[in-house]
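Following: one structure in structure tokens, then a few remarks.
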Amino acid sequence: MISALALFSGGLDSILACRLVAAQGIRVVAVKFVTPFFDYELLSDPVAYQQKIFNQYGIEVLVEDLSPGYLELLHHPRHGFGRYFNPCVDCKILMLTRAKAMMAGLGASFLVTGEVLGQRPMSQRSSTMRVIERDSGCDRLLLRPLSARLLKVTEAEERGWVDRGKLLDYNGRGRNRQIALAREFGITEFPVPAGGCILADVNLSPRISRIYRGNYMVRAEEITVQDVRLLLFGRQFRLPGGGWLILGRNQSENSLLFSLAQGEDAVLAVAVRPGPTGLLRRAAICYPDDSCRQSDLELAAALVVRFGGRRGDGPGQTRVFFSMGLKTAAMTVLPLADHVFQDWVLNEG
């Protein structure tokens, strides 16, 4: 049996693309790529996701982490960014390049995507789609079944693995034909169209852009998955000594900060009343001297108190505990006045 490997976003177009090809007797294996910018949470339980997709749509899917290559890509995407910090063309090239490398191990003869000609202004124009094929090394290897009859013939069609006459000629941003086809396949529940990528988010993409410009106490070339995940929630500050502080805004964010903390980070909290957890990123290694580190730690503690739960008369001097590696200590601080730290706020999200 001929097999194909399909890029799977989880959206309706990729679902339909898989089902169209499978309907011609092809075994279709889908790959769901994840990064900190989209669907990273699936890595916590990929088996549950695989079972869900198979039960709902009858599609066999793999979950693959694309993070290391993706973080590198964002430094200098060859084809530039979209409206925000989204390198859509280079993103698709990277995914197809990785998928092509996976083909032999899966016994796949060609690749499939759910792209629709003219649907996305940046990455699904005819000329851009040809660039993506070329730069990923997938020319003639890549079948786009939803728009195939408007595109050049691929190897899968030439060799008779799929019947071009049973492929489609979708064009543009309308969704009515996709919805009708879904009903033909018996698919009644499917995701609504959505961008889904944090790099195109009007609020969060500036945070990511800033860290890549070196505006945090993290050198751009040292950015990690953990750094990116820390960017995406909480109150964010750049302290006078250069430190990067994140404060949780609720219990869920406090717990997430604890789970993401590493040995070189300082974690701060107040024991006597509800309040935020604070994480001073790389505090153990990024400061030029102890006095600079201590100054930022004291300011971080004062911010923890400022955003903590208040008594009727407001918090006075408060004991804040912090841990950094094997070191645990405490300091007593007053809350900072709002006018003091307004210029330190990176983004309230």
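The values are calculated or read from the model by the stated rules, or taken from the named source; none is laboratory data. Here the structure is a predicted model, which is why all the values come from computation and not from measurement. Here the Cβ is made from the backbone with ideal geometry for all residues, glycine too, and neighbour counts use every protein chain on show.
Some notes on this structure:
- Among all positions in segment 136-146, there is at least one residue which is surrounded by fewer than 16 Cβ atoms within 10 Å (Cβ to Cβ), acidic (Asp, Glu) and either farther than 20 Å from Arg177 by Cα or touching a Cys at 6+ places or on another chain (Cβ under 9 Å) (or both).
- Residues in segment 142-168 that are closer than 25 Å to Ile93 by Cβ and among the acidic types (Asp, Glu): Glu155, Glu157, Glu158.
- Residues of segment 207-226 satisfying the condition of being among the charged types (D, E, K, R) and outside any loop (DSSP other than H, G, I, E, B): Arg207, Arg210, Glu221, Glu222
- Scanning segment 164-175 for residues that are over 15 Å from Ala17 (Cβ atoms) and part of a loop (DSSP other than H, G, I, E, B) gives Gly172, Arg173, Gly174.
- All helices (runs of 4 or more DSSP H) inside segment 1-96 with 1 or more residues being within 27 Å of Asp227 (Cβ to Cβ) and of a type in the set (Asp, Glu): 67-73
- For segment 105-120, filtering for residues that are outside any loop (DSSP other than H, G, I, E, B) and under 21 Å from Val34 (Cα atoms) leaves 4.
Condition check ((1) part of a helix (DSSP H, G or I); (2) over 25 Å from Leu73 (Cβ atoms); (3) at pLDDT 95 or above; (4) over 26 Å from the mean Cα position of the chain (by Cα)) across all residues:
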| site | (1), (2), (3), (4) |
| --- | --- |
| Met129 | yes, no, no, no |
| Cys138 | no, no, yes, no |
| Val153 | no, yes, yes, yes |
| Gly160 | no, yes, yes, yes |
| Ile179 | yes, yes, no, yes |
| Ile187 | no, yes, no, yes |
| Pro191 | no, yes, no, no |
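- Each residue in segment 63-103 was checked for being more than 13 Å from the chain's Cα centre (by Cα) and closer than 20 Å to Leu141 by Cα, and 14 of them qualify.
- Condition met for Ile285 (under 23 Å from Gly214 (Cβ atoms), touching a residue at least 12 places away in the same chain (Cβ under 8 Å) and exposed (fewer than 15 other Cβ atoms within 10 Å of the Cβ)): yes
- Here is the figure for segment 11-47: residues that are small (Gly, Ala, Ser) and crowded, with 22+ Cβ neighbours inside 10 Å total 3.
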